Amino acid sequence: METGSGLAIRKLLTVVEDTCDEGGRPVSPPTRKAAALAVVRNPCAGRFADDLSGLYAIGEALGALLGERAVAALGVSPGQVESFGKAAIVGEDGELEHAGAILHPKLGAPLRRAVERGAALIPSAKKRGGMGAAIDVPLGHKDAAYVRSHFDAMEVRVPDAPRRDEIVVAVVITDSGRPAPRIGGLRVEEVVGKDGLR
C-alpha cells in the first residue's frame, strides 16, 4: 500500500491481549491491551541523509492509522483509552535516528486525536533488529504520568520483519492499568490531565 506521504506499507498487524488471571486471582473485567503495527519501507535505508522530514510525514500518517486501528481492535470509544505507547524497530540498513524521526516529531498529535486527549508524553522505545525481532512497547497513562498503575509494557513482533530496508512501527493502547495494581501513586479517578503529570 502506497500513500501520498511517501508511506509504503508491506504489512499491517493488530494484536489484542486480555489478562483474565493474575497471581492466581481472577481479573474481572480483564485488563486489555491492543497493539497495531505497520511494516513500512525505509526510504533512507543504506544512505546517510541530513533531511529526515520524509520520515516525519510517515510518522504522522502512522499515528492516525495505527491509533485508529488500535482503538477499533480494543473495541472501546477513544475516550475510554487509558494508556498509550509507541515503538519502532529499524532494519539493518537503517539508523536509530530513522526510528526516532518516525516516532517523535509528528506521530504524537494524530495518535492523541485517535485516543481523545493525551496530555502526557507518549512513552517510546526504539532499536535496530532483524526479522522477528521483538520490542517492549512502554506504556503510561495518556493524561497523567504519575499514575503508577499504568506503568507497563507490551511485547510485540512481526515474524518476517523488519527486512534490511524496513521499519516496524507499533502503537499500543490499553483500557486499564496493570491487573491488581497495589503500589500506590496517583489514582485514575484523581487525574486532572492538564500538565501531563497529574
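When only Cα pairs under 8 Å and 6 or more residues apart are kept, what is the percent relative contact order across the chain?
Numbers: 524 pairs, mean separation 52.1, N = 198.
RCO, the chain: 26 percent.
Given +1 on the Cβ of Lys and Arg, -1 on the Cβ of Asp and Glu, and no further charges, what dipole in debye does the chain carry about its Cα centre, rounded to the nearest 20?
Computed charge dipole of the chain: roughly 200 debye.
What nm distance separates the two modelled labels at residue 121 and residue 180, each placed 7 Å from Cα along Cα→Cβ?
Distance between label points: 3.2 nm.
Could you calculate the contour length gain from residue 198 to residue 165, that is, 0.36 nm times the residue separation minus the distance between their Cα atoms, to one decimal place in nm?
That works out to 7.8 nm of additional length.
How many angstrom separate the Cα center of the stretch 133-198 from the Cα center of the stretch 1-75?
Centre-to-centre (Cα) distance: 13 Å.
Would you mind putting 133-142, 185-194 in packing order, based on average other-beta-carbon counts within 10 Å, highest first?
Packing proxy ranking, top to bottom: 133-142, 185-194.
Taking a threshold of 19 Å on the Cα-Cα distance, which of the pairs 86/142; 33/142; 11/106; 33/127; 11/86 fall above it?
In this structure, 11/106; 33/127 lie more than 19 Å apart at Cα.
Taking 0.36 nm per intervening residue step and subtracting the Cα-Cα distance, what contour gain separates residue 80 from residue 10 on full extension? Provide the component values of the computation, followed by the final result.
Numbers: separation 70, 0.36 × 70 = 25.20 nm, distance 3.02 nm.
Once the chain is fully extended between residue 80 and residue 10, it gains 22.2 nm.
Mind checking which of 156, 168, 15 has the largest fluctuation in a GNM of the chain, springs on alpha carbons under 10 Å?
15
I'd like to know how the stretch 95-198 sits against the 2.2 N^0.38 Å rule of thumb: what's its Cα Rg over that expected value?
That ratio works out to 1.18.
Assuming R0 = 30 Å, what is the FRET efficiency of residue 155 and residue 53, from their Cβ-Cβ distance, to the nearest 0.05?
0.45
So how far apart, in nm, are the two label points at residue 188 and residue 18 if each is 7 Å from Cα heading toward Cβ?
Distance between the two pseudo-spin positions: 1.7 nm.
Go through 68-81, 45-58 and give me the packing order, highest mean Cβ count within 10 Å leading.
68-81, 45-58
Every number here is computed from the coordinates shown, using simple stated rules; none is lab data. Being a predicted model, the structure only gives us computed values, none of them experimental. Every residue, glycine as well, gets a Cβ built from its backbone with ideal geometry; the counts of neighbours run over all protein chains shown.
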